[in-house]
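Here is the structure we will look at, set down as structure tokens.
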Amino acid sequence: MFQTSLRTPIGRLLIEGTRASVTTIRIVPPDAPVGKSCTLLNLARKQLREYFQGRRTAFDLPLDFSLGTSFQREVWKQIACIGYGDTTTYSDIAHRLNRPSAQRAVGRAVGSNPFIVVVPCHRVLGAGGKLTGYSGGLKAKEWLLKHEGALIM
């Protein structure tokens, strides 16, 4: 397992993975220890840096979804399709999965997304466009949406 990190406006991101795929991207404390990196994780760090600099709107990284349940993987794949600057709701995702009553299950799957920013769970809003839960905190979610021009306040 390899690691690298990147300081961003929403906090320090820890990027973990193998030579073949990224396994997690998450916010960690500023002083969290970081292990040895590899070429793929250096590419992930570069793409994330470009995103935060406003020079990248999509990511091209091999992601390892194997740690999720089949339902979580379905939800994460739906989230990955939400375009830069666009938003959707938990209800919309549940409907796209032909499970209209599974809004709460969708919410739990969104909350367990292991690839913060790259699988853009910050683009999923509550009913009526409300900013609801985000593993990085609502201020981070708000920052990301403003950065993408999806939230005007």
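The values are calculated or read from the model by the stated rules, or taken from the named source; none is laboratory data. This is a predicted model, so every value here is computed, not measured. Cβ atoms come from the backbone with ideal geometry, glycine included; neighbour counts cover every protein chain shown.
Computed values, structure above
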quantity: Which listed residue is farther than 23 Å from GLU16 by Cα and in contact (Cβ under 8 Å) with a residue 40 or more places away in the chain, from VAL117, VAL124; calculated: VAL124
quantity: Count of residues meeting criterion [part of a helix (DSSP H, G or I), more than 20 Å from PHE65 (Cβ to Cβ) and of a type in the set (S, T, N, Q)] in the range 37-55; calculated: 2
quantity: Any hit, the range 28-36, residues being buried (at least 18 other Cβ atoms within 10 Å of the Cβ) and either part of a strand (DSSP E or B) or not acidic (Asp, Glu) (or both); calculated: no
quantity: Evaluation of LEU43 against (1) in contact with an Asp or Glu (Cβ under 9 Å, 6 or more places away or on another chain); (2) touching a residue at least 24 places away in the same chain (Cβ under 8 Å); (3) farther than 23 Å from THR88 by Cβ (one fails), failing number; calculated: (2)
quantity: Yes/no for SER5 being surrounded by fewer than 18 Cβ atoms within 10 Å (Cβ to Cβ) and either assigned to a strand (DSSP E or B) or in the same structural domain as GLU142 (by TED's automatic domain parsing) (or both); calculated: no
quantity: Condition met for ARG96 (of a type in the set (Lys, Arg), out of contact with any Phe, Trp or Tyr (no Cβ under 7 Å at 6 or more places or on another chain) and in contact (Cβ under 8 Å) with a residue 12 or more places away in the chain); calculated: yes
quantity: Hits in the range 42-62 - residues which are more than 16 Å from PRO9 (Cα to Cα), under 16 Å from the mean Cα position of the chain (by Cα) and in the same structural domain as SER21 (by TED's automatic domain parsing); calculated: ALA44
quantity: Members of the range 62-91 found to be surrounded by fewer than 18 Cβ atoms within 10 Å (Cβ to Cβ), outside any loop (DSSP other than H, G, I, E, B) and in contact with a Phe, Trp or Tyr (Cβ under 7 Å, 6 or more places away or on another chain), listed by number; calculated: ARG73
quantity: Count - residues of the range 96-110 that are surrounded by 14 or more Cβ atoms within 10 Å (Cβ to Cβ) and out of contact with any helix residue (DSSP H, G or I) (no Cβ under 7 Å at 6 or more places or on another chain); calculated: 2
